[in-house]
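Enquirer: One structure, pasted below without further comment.
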Amino acid sequence: MTRFLNSSLELDHHDWHHLLRSLESANNHPTNDIRLTNEINNAGRHKLKQLGLDPDDTTASELYHVLQSKLHQDDKILTRNLTTLAMTHSSLSANVSEGLIYALKNSPDSKRCYAMKMPVMKTIIKQLPPKKTMKKLGYRSMASMIKHESAINLITASWLIEDDNWRKKLVDSYKKLKPSDFENRNIIIQSVNYKRWQSLESDLVEIKKHNVLAFKELGALIVLPLPKSAPKGSVTASLVVALEELNKIRALSSFLKLSQVKAHYGQIVREAVINEPSLHSDISKSKLPWSIVQRYYANFEQHFNQAVFEPHLSIDDLVWHPIEESLFAIESNMDFWRNTSSLASSHIKQSVSFNIHDVALNTCNNRSIQNQITKYFKKSLWQEFLLRYFSHNQLEDVVSHELQPQLAEVREN
């Protein structure tokens, strides 16, 4: 195990050694850990040169601040161009978030999903009256609020206003859901921009430093208006968060679609909303995130075996768009950030993440290098590491062993 991977992923040394030995043994010892580390080192040196820095004479602190400066410059261009889109396609007084919504809706990325029907969500909310929301939005009765507000508006407001206990009850109610409560449709991307929402928007941005809410089970992405006081980098952070949440919606969509012939479907939905779906892998001796399966077949469509995923899943459902590529498709000035999701400076004593999600949040929150966010780089690196070791045959075995016996049992009944 290379020192860089060991320190970056922060796993217990014994666990690392055991995991690597299993993965190497199952794949005829390809030393992929060394290959991946060398690739990251070379790519990092190339990115440093693009920034005008000397790969052999740059400190971690210098790189950290140059990346933030680069993000700030790119964010200004992105903000200007999205504002122009908003003014062109909405109104002259439109918020930059309207431009962000327009860009997402018109991007070439897939918008299809398998998600809960909106009337079903309204019924659930009606059974769990969000009283604080009714008061906050100025309604005199619950019936009036449910009649006049859309399901998206209701869940968005309630999720922001109600307490943890209400949110828990909402998710727990998913245990009663059936496959017939879901449908194939496009992902909903919209805003909820009117006066009674202004305080909610400000609170969200103040806490999260972005203006995006996602309800994966609903196949819905909500973009609230950014206040004028939003910190620098907020537009980029919001767009990056939105693109990541869209991938999560696609991943949950395919998992729920595949699982719809299994018993206890509602419980599966509830668990998948709370925790990222995963499958057990004998090779890695641990849980394999479903997003790994999604990413693999998105990259290697030729290896898709319909027999493994039938009767409900096709290759068109296994879509995963790299965030930096989607970002570049929306704004070409973001070219520098391509291929940086699992990249960090491996030659410097203190690691610095190139991942644009990390850099944007560090910029928004004005974080010091000692307190920098690196979790998105680490997650991406972990997934890239696993992808290097799993072949399509091995992934098919994981899916078959985890799902097919239960699917067969349901068919027999």
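Just so it is clear, none of the values below were taken in a lab; they were calculated from the coordinates. In this text, all values refer to a predicted model and were calculated from it rather than measured experimentally. Quick reminder, even Gly has a Cβ in these numbers, built from the backbone with ideal geometry, and neighbours come from all protein chains shown.
Enquirer: Below 8 Å, C-alpha to C-alpha, sequence gap of six or more: please give me the relative contact order for the range 113-184 in percent.
Expert: So the answer I get is 52 percent.
Enquirer: Only Cα pairs under 8 Å and at least 6 apart count here; give the relative contact order of the range 78-140 as a rounded whole percent.
Expert: 20
Enquirer: Please report, ordered by residue number, every helix of the chain (full DSSP H runs) that is 18 Å or longer along its axis going by C-alpha atoms and whose mean Kyte-Doolittle hydropathy reaches -1.0.
Expert: Helices passing the filter in the chain: 13-26, 60-89, 234-258, 375-389, 392-412.
Enquirer: I've got another one for you. Sort 317-329, 76-88 for me by packing, meaning the mean count of neighbouring Cβ atoms within 10 Å per residue, highest on top.
Expert: Ranking the peptides 317-329, 76-88 by packing returns 317-329, 76-88.
Enquirer: Further question: If Rh is defined by the Kirkwood formula over all Cα pairs and Rg also comes from Cα, what ratio Rg/Rh do you get for the range 224-362?
Expert: Radius of gyration over Kirkwood radius for the range 224-362 works out to 1.03.
Enquirer: Also: Over the chain, one equal point on each Cα, no solvent: what is log10 I(q)/I(0) by the Debye formula at q = 0.06, 0.09, 0.10 Å⁻¹?
Expert: -0.27, -0.62, -0.76
Enquirer: Report the Stokes-Einstein translational diffusion coefficient (µm² s⁻¹, integer) for the range 116-191, Rh taken as the Kirkwood radius over Cα pairs, at 10 °C with viscosity 1.306 mPa s.
Expert: 122
Enquirer: What is the chain's relative contact order, in percent, from Cα pairs under 8 angstrom and six or more apart in sequence?
Expert: Answer for the chain is 20 percent.
Enquirer: Which trypsin sites (Lys or Arg not before Pro) in the range 100-181 pass both tests, a DSSP loop state and at most 10 other beta-carbon atoms within 10 Å?
Expert: Here the sparse-neighbourhood loop sites are 140.
Enquirer: Over 26 Å between Cα atoms: which of 105/126; 47/287; 111/131; 49/349 fall into that group?
Expert: Correct reply: 105/126; 47/287; 111/131.
Enquirer: Moving on to the next point. Looking at the square roots a ≥ b ≥ c of the eigenvalues of the Cα gyration tensor of the range 322-393, which shape do they give, rounded for a/c under 1.5, prolate if a/b is larger than b/c, or oblate?
Expert: oblate
Enquirer: Loop-only check: which GluC sites (Glu not before Pro) in the range 112-191 are DSSP coil with at most 10 other Cβ within 10 angstrom?
Expert: Sites meeting the loop and neighbour criteria: none at all.
Enquirer: Counting DSSP beta bridges with both partners in the chain, what percentage is antiparallel, nearest 5?
Expert: Of the beta bridges lying entirely in the chain, close to 80 percent run antiparallel.
Enquirer: With viscosity set to 1.306 mPa s at 10 °C, what whole-number translational diffusion coefficient in µm²/s follows for the range 20-151 from Stokes-Einstein and a Kirkwood radius over Cα pairs?
Expert: 75
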